[in-house]
Structures are given as structure tokens and as C-alpha cells.
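S.K.: Okay, here's the structure, questions in a sec.
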């Protein structure tokens, strides 16, 4: 090996390692991160939706979907319309709502002017009836650690709040 070849190898190895380290956060992202809007009885509602893979050893659920209640939501709460949201999000992302862990998430981003780090997570699951309809939701209080496990360790609640849509007043 010539001296110049050795010098090149010494320079390339750290760059290769840096490239691997820097590319890793990309794999920690949700499969989808979007704002979903729907029409309540009188007002348009909105929530942030993040779709994640479920843990690889979980054969009952294909995905985990985190639904964040946003302060700028003027319509019904995500709790009020959870079955409708599950069906609609399922159609949008071509996933069966009965094979998803649904995580309803509240934090400071859920209330105007709120500060602090308190968060609440509810896991919601559905079953299919004999007729194929979604059952009533099954609710369970879960921790942030549980959410990380259900999202195959990809969930980070420190994600910034999404920007308001054009023309949406704060």
C-alpha cells in the first residue's frame, strides 16, 4: 500500500462512519406525518397523524398510528370521532383499523397557551364484528415508554408542532 492510498483510506473511513451515523435518524421517522381534517356537525376538525410500523414481533397489529389533538382544532375532539377517524385514516393509508394500535396523544400542543411537559396517551384498539363493522373502541392508558415500544422505538414526542395551514389564524 502506498502512502497516498493509506492517507485516502484514513480519510474515507471517518466519512463512511459519519455517513452511517447521520443516515440513521432517517430510519427513526414515521412512515407518514400529516394533518387530517374532517367535518364535525358544524366545524372543521383537525389532528396531526403519524403512522409508524408496529413492533416486528407483533402479529396482531400492522401499524401504530399516533393522533395528536391540536390546540387549533375547532371541531369535535379526536375522542368524539375516534371510530370515524380510524376508518378514514385506514382508508387513506390502506390499513385495516382493526389491525392498528391507535394512540390518542395530548400535551401542551393540545391547548392554546399551555406550557409544560405533561402528556397523556390512550391506546385504542378495535375489532371487526361478524358483519365487518368496526367495534366500539377499547381504551387503555399507556405511558410514553409504551408508545415507543408500539412504534418500534421510532416515536419522539419532541417533534415540533406542524405549521398552521395557509390562512389559518392562530
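The values are calculated or read from the model by the stated rules, or taken from the named source; none is laboratory data. Just so it is clear, the model here is predicted, and its values are computed rather than measured. Quick reminder, even Gly has a Cβ in these numbers, built from the backbone with ideal geometry, and neighbours come from all protein chains shown.
S.K.: Residue 98 - would you say it is modelled with pLDDT of 85 or more and loosely packed, with under 15 Cβ neighbours inside 10 Å?
M.R.: Working: modelled with pLDDT of 85 or more: yes; loosely packed, with under 15 Cβ neighbours inside 10 Å: no.
So residue 98 does not fit the description; no.
S.K.: Just a yes or no: is a residue in the stretch 77-89 more than 22 Å from residue 40 (Cβ to Cβ) and buried (at least 16 other Cβ atoms within 10 Å of the Cβ)?
M.R.: Filtering the stretch 77-89 down to residues more than 22 Å from residue 40 (Cβ to Cβ) leaves none.
Within the stretch 77-89, none of the residues are more than 22 Å from residue 40 (Cβ to Cβ) and buried (at least 16 other Cβ atoms within 10 Å of the Cβ).
S.K.: Determine if the stretch 81-93 includes at least one residue that is over 14 Å from the mean Cα position of the chain (by Cα) and in a loop (DSSP other than H, G, I, E, B).
M.R.: yes
S.K.: Shifting gears a bit: If we keep just the residues of the stretch 30-54 that are in contact with a strand residue (DSSP E or B) (Cβ under 8 Å, 6 or more places away or on another chain) and assigned to a loop (DSSP other than H, G, I, E, B), which is modelled with the lowest pLDDT? Even if it seems obvious, please write down each step before you answer.
M.R.: Start the filter on the stretch 30-54 by keeping residues that are in contact with a strand residue (DSSP E or B) (Cβ under 8 Å, 6 or more places away or on another chain), which leaves 30-39, 44-54.
Then drop every residue that is not assigned to a loop (DSSP other than H, G, I, E, B), which leaves 30-31, 54.
Details: 30: 86, 31: 89, 54: 82.
Only one residue fits best here, namely 54.
S.K.: Name, by its number, the condition in (1) in a helix (DSSP H, G or I); (2) within 18 Å of residue 153 (Cβ to Cβ) that does not hold for residue 98.
M.R.: Looking at each condition in turn, residue 98 falls short on (2).
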